[in-house]
Amino acid sequence: MPKDRSLPDISRAYGHSRWLRGYVSGKIGWDPIFPLARHEIIHRNQPVIDIGCGIGLLGISMRAAGIALRYRGTDISAWKVNLGKEAVRYYGFENAGFEVCDALSTTITPGATICLIDVLHYLDADDQQRMLFRLADAAEEGSLILIRTALRGLGWRYTATLIEEWWTRATGWIRGGQINFPTSEEILGVFEDRGLRAEISPLWGKTPFASYLVKIHPRAKSAAQPRRRAA
């Protein structure tokens, strides 16, 4: 499989729209989540589940870097899933699949690397808790969890993030959903209550947004404990 494709080469997989090709090149080139996620994925060497995959940029960037691990992306927007499928077909990338599915209904297989990139804030408070409990279950079963989200009320970066959210809705890029950014305590508490190792660190890179990475390490098999679910 070819490795290290250029950004223009990758963007051509997304059709004839100059705007979309520019978005793809800019997003993969500037967003720090992609090189970080690829690093974790390579290190883990396990299948990848990309919940809320959008147009499949993580999967495409994996394949363009020569990472052939099994990839499954799910998203609630059928038109975005279709763009991901078209991009995969363009290069004939194998072992990559997409399906229309919401975050809470996505099947999570034990031991995978699970990515939830800019998705959590689209869920209301109750569904956020349900999603976090599902991810805690997955970590207890040996999965590594990577969550990228903004955190509520963190100065000018938070304001810039809210403006971006307004823009995505005004243009139709995001259709519906909440704008419900969590606090770090709301996220970390779920995992720490299970005795899981969770880390949180800034991940805005050169962007103006209040993005953070939450990394939940898989529990070692010898340390497995009975699950505790939300009431």
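For the reader, a short list of remarks on this structure follows.
- Most positive-pole-ward Cα, Thr74, Ile145, Gly15, against dipole of the chain from beta carbon charges: Gly15
- Cα shape, the chain, gyration tensor, a/c 1.5 rule: oblate
- Database remark: amide H of Ala150 closer than 5 angstrom to the amide H of Tyr212 (H placed geometrically; neighbours at sequence offset of 5 or more, or on other chains; Pro and chain starts carry no H).
- Choice from Lys80, Lys215, Lys206 showing the highest fluctuation, given a GNM over the chain with Cα pairs closer than 10 Å: Lys206
- The chain - percent relative contact order, Cα under 8 Å, separation 6 or more: 19
- Modelled FRET efficiency - R0 22 Å, Arg44 with Glu199, Cβ distances, 0.05 increments: 0.90
- GNM result for the chain, Cα springs below 10 Å: residue of Gly26, Gly155, Gly111 fluctuating most strongly: Gly155
- Shape class of the range 1-105 from the Cα gyration tensor (axes a ≥ b ≥ c, square roots of the eigenvalues): rounded, since a/c falls below 1.5.
- Using θ = phi - 60° in the Karplus curve 6.51 cos²θ - 1.76 cosθ + 1.60, the 3J(HN,Hα) couplings for the range 70-78 round to 4, 10, 10, x, 10, 7, 7, 8, 4 Hz; x is entered for Gly and Pro.
- The charge dipole of the chain, taken about its Cα centre with unit charges on the Cβ of Lys, Arg, Asp and Glu (plus for the first two, minus for the last two), comes to roughly 580 debye.
- Rounded to the nearest 500, the 222 nm mean residue ellipticity of the chain from helices alone is -12500 deg cm²/dmol, with -39,500 (n - 2.57) taken per DSSP H run of at least 4 residues.
- Among Arg63, Arg38, Arg18, the residue with the largest mean-square fluctuation in a Gaussian network model of the chain, with springs joining Cα atoms closer than 10 Å, is Arg18.
- Taking amide H as placed 1.01 Å from N in the peptide plane, the amide H of Gly73 sits under 5 Å from that of Asp50, Gly97, Phe98, Glu99, each at least 5 places away or on another chain.
- Computed label-point distance, nm, for sites Leu104 and Ala220 using a 7 Å Cα→Cβ extension: 3.6
Values in this text are rule-based calculations from the coordinates and carry no lab data. In this text the structure is predicted, and so the values were computed from the model without any measurement. No Cβ is skipped: glycine too gets one built from the backbone with ideal geometry, and neighbour counts run over all protein chains shown.
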